[in-house]
Amino acid sequence: MNKFGLGVFVAVFGALTLAVPIGLKYSQATLQFGLIAAISAPVVIHKISDKNWSLGMLMGLSYFASFPLKKLFQIDGLVTDISVTLAYAGILWLVGFGWKRSWR
């Protein structure tokens, strides 16, 4: 992982750390976490050279962004949880121009 990956990690951890003391509602957190993930997706896809780290961080971003939405709409269960996370991963892949990267 390089400095870009570390920067994304710090942004995500900072958002999680600040969300609790500020008292963000799930609706506000959904928007904030989604924006942070959408801004970080191109960085994760194109600036991290190792494809495994890149894909892992993209899936982590999708889980990070989908968490407040799942709590807001009380989405429980393994199948629905995975479906929402994969939907976020697909959206972040599109936002980050994932088809332009060679994943081989």
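The one condition from (1) open to solvent by 50 Å² or more (accessible area, probe 1.4 Å); (2) more than 19 Å from N2 (Cβ to Cβ); (3) in contact (Cβ under 8 Å) with a residue 24 or more places away in the chain that P68 does not meet is (1). Check whether at least one residue in region 64-76 is within 16 Å of V95 (Cα to Cα) and either in contact with a Gly (Cβ under 9 Å, 6 or more places away or on another chain) or hydroxyl-bearing (S, T, Y) (or both), and report yes or no. Checked region 64-76: at least one residue is within 16 Å of V95 (Cα to Cα) and either in contact with a Gly (Cβ under 9 Å, 6 or more places away or on another chain) or hydroxyl-bearing (S, T, Y) (or both). Looking only at residues of region 17-44 that are within 23 Å of T80 (Cα to Cα) and open to solvent by 50 Å² or more (accessible area, probe 1.4 Å), we find that the one that is nearest to the chain's Cα centre (by Cα) is L35. Restricting region 71-81 to residues that are surrounded by 13 or more Cβ atoms within 10 Å (Cβ to Cβ) and over 15 Å from L24 (Cα atoms), the residue that is farthest from the chain's Cα centre (by Cα) is I75.
Considering each residue of region 45-53 in turn, at least one proves to be surrounded by 20 or more Cβ atoms within 10 Å (Cβ to Cβ) and under 16 Å from the mean Cα position of the chain (by Cα).
The values are calculated or read from the model by the stated rules, or taken from the named source; none is laboratory data. Computed from a prediction, not measured in an experiment: that's the story for all the values here. Glycine gets a Cβ as well: all are built from the backbone with ideal geometry, and neighbour counts include every protein chain shown. Please note that ligands, DNA and RNA were not included when accessible areas were found on the heavy atoms of the full protein model with its side chains. Shrake-Rupley method; radii C 1.70, N 1.55, O 1.52, S 1.80 Å.
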